[in-house]
Every structure is written in structure tokens, then in C-alpha cells.
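A.B. asks: Got a structure here, written out as C-alpha cells. Questions coming.
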Amino acid sequence: SAVILRLRGPLDLKCLLDSIDGVIFEALRLQVKSESCVLAVCNSPVLIWPNKSVFEEITPDAPCEDIFQFIHVINLSLMMEATKPGPVSAPILTRTAHKSHLLCATLPMDCAIWSSCSDTIKDGCEQLMKALTRQLFEMEKVILQCMKGTTLLVPEPLHFLLPEPNGLVTVVLPSGVPDKGLEAQRRELHGQFELPDNRPFFRRANTYHFPNEPYKDGYLRNPHTVLTHPILDNGKVYLVQGIYSYHHYMQDRMDDNGWGCAYRSLQTICSWFQQQGYVERGVPSHKEIQQALVEVGDKQASFVGSRQWIGSIEVQAVLNHLLGVTSKIMFVSQGSELASKGRELANHFMTEGTPVMIGGGVLAHTILGIAWSETTGEIRYLILDPHYTGAEDLPVITEKGWCGWKGPDFWDQTAYYNLCLPQRPRVI
């Protein structure tokens, strides 16, 4: 098993603006290599001086998993000892008067590495210090490239979990520059890590969410990941790719019980496009969804603020209008036909990987994946149910079937259904 070691802390950059160069950054690299550099394991009594092999409350040969007695995710703070040995000789002061711009900035160091639980603490710290030195080189590059006159952009370290064999990587980008202004840097990174150039991997929304950090908006992410997959004869599982938020009845102080299920399914889909980095706008509210349908000419102005249902066709229209996302519509004349749509749905989740909204009768649901046997035709559907009205309680949601695997009899066998299959934009 593996553990993530993450090191964070400020380093002060102080110099004359007209003299900022590699020498200044070399001084910072020497600082982190000095004996005054200290790593403090957060929420524990462990202190480590990595450059003089001094360890408090733990031995250098102890495996990383020993820190789990203090905390399950190993976060470390970067600090510098302020107390130093006194000078051998008396200091000499020299005063020179001239006008210049003094630069004072704080570099937000943030390094993360994968480490085996069996690796020693000493080995893990050595890897972190190498990563810290590399990050200073990257910050130097970003600062010098983005300087314009007296304007300086503070570099921003971001972590991304890429497909294997790359894994967790850290990239330094200039802060304050929106994603649309960094396409050239992203193309370079896609080439460096041999990634496809038709989907985003390095937008800010793609940054890795560390498991010990709760989401600030309160929504559950990917509740389906705790479920056990059904086993079918010669069957395969095809799932949504990426991260989405679970949107359901009664959230956001909105009482939509009985009429808002398709709105909630649409919100879940919008959250997927936002969290994959395709769009920067937030998840639309019920009123914004209704206003969009008025703007495209689908509804009258009186529709805004109403409690009227919407269906798959309206979901398609809103995705196109608000997000610029196109969708395919799959129509079945009765629910019993859905069992024959395994191949189409499997292909969708393999190629697009987006959540699918399905509407039939007066109900709407979100399909997150299928288990399907090409030889027998047997099929199961992974359903996210927007009709849930309770709290964000993962055990209740999964154990009571609000997010769970359903058989073909889940659908009304005689009702017609429309499925909205959103398509990924081909961008980076």
C-alpha cells in the first residue's frame, strides 16, 4: 500500500526587483538544504531536521505507516529555525543610498509524493526535499518568464492525478492567469506526459482533491465508488469517468420535492463538466435553468419561478445554451426496450464517460454506468436517484438504494423514455 507525503510552507523571496535572477533562487535552494530547515508532521509531535538527520518522537528507520498513529494522511509543514549560532566577529554595517524597487513575496511551496508504507521516514523526507528543490527551479522559471516591468506573478503549485503510469504530478503555473490564458502551457504538459489532446488534464478544476480535505460546498462526490459491482456471466462494467456531485431533492434550501428530479439530474451533469474542467461557470439553479429555456424559446416567460417539470429534451437545450455542450438523444418507446440498449450505453461510457439523464413518465434519474454481458445480453444499471430528500449521509444513500445497481425491472416496462447523452467537448 502507498501513502501520500505532502509538504507545505512559505518561503520568503526578498530582493531588489531589478536584480532578480537565478542567484536569488539559488540562495533559496541553499536555504532549504541548510541545517535550519525543519519538517513538522501536522497534528503530531514529530519534528524532523532532514539535512542533519535529527528526528524527534520517531526514528529515521521507522516506516511511514508508523506516523498513522498520529494522522492518516501525512501532511508536513516547512519551517526554518530562526535561532542561529552567533557571529565569530563583530558585524560591520554599510549604508548605501539609492532608489530602487524592493520585492517582497511569499512563495507558497507545496510538494506531494507517493511513498510506500514500508519506506522509512528518512527515505520519504529525502524524496520530499528533492521535490522541494525541483519546485524552486519551476517557480524561478515561471517568475522570470512572466515578469513585465514591475509586475510579478506569484507562482502557484497545483497537483494533478494523471492516468498511469504518470500518477500524481505537481505543476507550477502563474497565479491570477485564467485557464484560457494557459493553453500553450497545457499543450506542452500534454506532450511531456504523453496525454491525449482532446480532454483537459491540467485545468484548475482538474486539481487533485486530497482525501483528508472535505469539500467546502457540502455535496457528496462519487457515492457510487463504495458500491460492489454486480457479477454477470461474461459481463463487463462501464462507468462514468471523473468526478460529479450528487444533487437531489431539497438541497440548496429549495423545496422541489415532487417536481424537480430532472433539474437535479441536470445539476449533477453540470457538476461533472465543471469538475472535469470543461466549464468554469457554477452549477445552475432551478431559476437559471428555467431562464435558459425561456432564452432559447422553449418556454414562455411565465415558466421562470414555476414548479413545472422538464424532460430530457429540455436538459439537452440547457446544456447547449449554458455550457456549450451538445448531447445525443436516445428514444425508447417502452421501458422493456432499455434492456436492448447495452451496447449503445457501454459505448457511451467508454468514449464520453458523462452521466446520462433518463426521463420517462413523471420520473427522471441519472445513469452512472452499466454492467452488461455482450454474450447473454444481461444488463444492470447504476442509478443515482435525485428523489432522495435526506442529508448527505453516504451509508444511508448507498444502503437504501438511492445510489445503487438496478435490474431491467426498475423501469416502467410500458412507459416511453428519452435519454440525454452529453458529449465531451474536444478541448484541453
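A.B. asks: Given (1) in a loop (DSSP other than H, G, I, E, B); (2) in contact (Cβ under 8 Å) with a residue 40 or more places away in the chain, identify the lone condition not met by S306.
C.D. replies: (2)
A.B. asks: Looking at the stretch 239-256, is at least one residue open to solvent by 20 Å² or more (accessible area, probe 1.4 Å), within 30 Å of R343 (Cβ to Cβ), at pLDDT 95 or above and more than 15 Å from the chain's Cα centre (by Cα)?
C.D. replies: Yes: the stretch 239-256 contains one or more residues that are open to solvent by 20 Å² or more (accessible area, probe 1.4 Å), within 30 Å of R343 (Cβ to Cβ), at pLDDT 95 or above and more than 15 Å from the chain's Cα centre (by Cα).
A.B. asks: What are the residues in the stretch 402-416 that are out of contact with any helix residue (DSSP H, G or I) (no Cβ under 6 Å at 6 or more places or on another chain) and surrounded by 14 or more Cβ atoms within 10 Å (Cβ to Cβ), if any?
C.D. replies: Answer for the stretch 402-416, where residues must be out of contact with any helix residue (DSSP H, G or I) (no Cβ under 6 Å at 6 or more places or on another chain) and surrounded by 14 or more Cβ atoms within 10 Å (Cβ to Cβ): W402, G404, W405, K406, F410, Y416.
A.B. asks: So, restricting to strands (runs of 3 or more DSSP E) that lie completely within the stretch 10-82, which ones have at least 2 residues that are over 18 Å from I113 (Cβ atoms) and modelled with pLDDT of 80 or more?
C.D. replies: Fully inside the stretch 10-82 and qualifying: 47-49, 54-56, 74-80.
A.B. asks: Right, here's the next one. Mind counting the residues in the stretch 279-320 that are closer than 21 Å to A205 by Cβ, of a type in the set (G, A, S) and surrounded by fewer than 13 Cβ atoms within 10 Å (Cβ to Cβ)?
C.D. replies: 1
A.B. asks: F210 versus (1) of a type in the set (F, W, Y); (2) surrounded by 17 or more Cβ atoms within 10 Å (Cβ to Cβ); (3) at pLDDT below 95: which is the lone unmet condition?
C.D. replies: (2)
A.B. asks: Is at least one residue of the stretch 168-186 open to solvent by 60 Å² or more (accessible area, probe 1.4 Å), assigned to a strand (DSSP E or B), free of Cβ contacts under 8 Å to residues at least 12 places away in the same chain and not basic (K, R)?
C.D. replies: no
A.B. asks: Could you check the stretch 114-149 and list, in sequence order, the residues that are surrounded by fewer than 19 Cβ atoms within 10 Å (Cβ to Cβ) and part of a strand (DSSP E or B)?
C.D. replies: Those that are surrounded by fewer than 19 Cβ atoms within 10 Å (Cβ to Cβ) and part of a strand (DSSP E or B): W114, S116, T120, K148.
A.B. asks: Shifting gears a bit: Which condition number does G361 fail, the rest of (1) farther than 27 Å from G235 by Cα; (2) open to solvent by less than 10 Å² (accessible area, probe 1.4 Å); (3) out of contact with any His (no Cβ under 6 Å at 6 or more places or on another chain) being met?
C.D. replies: The failed condition is (2).
The values are calculated or read from the model by the stated rules, or taken from the named source; none is laboratory data. All figures in this text were calculated on a predicted structure; none of them were measured in a lab. All Cβ positions, even for glycine, are placed from backbone atoms using ideal geometry, and neighbour counts span all protein chains on display. Only protein heavy atoms, including side chains, enter the accessible area calculation; ligands, DNA and RNA are left aside. Shrake-Rupley method; radii C 1.70, N 1.55, O 1.52, S 1.80 Å.
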